[in-house]
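The values are calculated or read from the model by the stated rules, or taken from the named source; none is laboratory data. Quick caveat, the model's predicted, so the values are computed rather than measured. Methodologically, a virtual Cβ is constructed for each residue, glycine included, from the backbone with ideal geometry; neighbour enumeration extends over all protein chains shown.
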Amino acid sequence: MTTATALLEARQAPEVRPEAPSGEAGADPAPRRPAMRQPGAARPIYRSTKSYDHSEGLSCCFRQWRAAHSHCRLVHGYALAFRFVFATHRLDQNNWCFDFGGLKPIRAWLHEMFDHTMLVAEDDPNLPDFRDLAQKGLVDLRVLPNVGCEATAEYVFDHLSRFIAEQTAGRVWLDLVEVKEHGGNSAIFERGPDPAEA
């Protein structure tokens, strides 16, 4: 056999690789089992959101009488927007966190509270003046524990969280409420889930 023939046969011969022992580089990986949640691992949480934006018509006025250093002490107003985040460990029979069709009473309540109304804190020293204006039919007065974007978020949270708990028998909790004054300013209020659902 000539040297040229030997080289040709060597090139044409099929390449044979030694089998790699299991666990070494080059071995076929063993089939993986599906990941399973270990005891004590965190439970999955499903979330959904519902928004009522600035075009909803929730235009109200308020003032923060304690902010003596700021023009926020004066009566001013915004077309408020709201964002709600709902959470659950278990979806319903429709694979939903919460059925948004059940929020009609909340939408009506938002309009009752914030549609062309005047929000005043219960400890505002000028509350009697605002009551006089309401008596004269000049303002549609709402007296709240506190006034401001953050306080409004808390006030709405407390009302809505009770409603959600009743409607879902505790299956769903309200994760947070965001109140937006405009595109640049917003405040968020949140609490953790009910310990019974944690």
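Conditions (1) touching a Ser or Thr at 6+ places or on another chain (Cβ under 8 Å); (2) modelled with pLDDT of 95 or more; (3) closer than 25 Å to Tyr78 by Cα, marked per residue:
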{"residue": "Phe130", "(1), (2), (3)": "no, yes, yes"}
{"residue": "Ala165", "(1), (2), (3)": "no, no, no"}
{"residue": "Leu176", "(1), (2), (3)": "no, yes, yes"}
{"residue": "Val179", "(1), (2), (3)": "yes, yes, yes"}
{"residue": "Phe189", "(1), (2), (3)": "no, yes, yes"}
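When the range 99-116 is filtered for residues that are crowded, with 19+ Cβ neighbours inside 10 Å and touching an Asp or Glu at 6+ places or on another chain (Cβ under 8 Å), only Leu110 remains.
Here is a yes/no grid of residues against (1) within 18 Å of Asn146 (Cα to Cα); (2) assigned to a helix (DSSP H, G or I); (3) among the aliphatic types (A, V, I, L, M):
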{"residue": "Thr49", "(1), (2), (3)": "no, no, no"}
{"residue": "Ala68", "(1), (2), (3)": "yes, no, yes"}
{"residue": "Arg90", "(1), (2), (3)": "no, no, no"}
{"residue": "Ile106", "(1), (2), (3)": "no, yes, yes"}
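Check whether at least one residue in the range 56-68 is loosely packed, with under 13 Cβ neighbours inside 10 Å, of a type in the set (Ser, Thr, Tyr) and at pLDDT 90 or above, and report yes or no. No, the range 56-68 has no match at all.
Tell me, yes or no, whether the range 182-196 has at least one residue that is buried (at least 19 other Cβ atoms within 10 Å of the Cβ) and touching an Asp or Glu at 6+ places or on another chain (Cβ under 6 Å). Looking through the range 182-196, at least one residue is buried (at least 19 other Cβ atoms within 10 Å of the Cβ) and touching an Asp or Glu at 6+ places or on another chain (Cβ under 6 Å).
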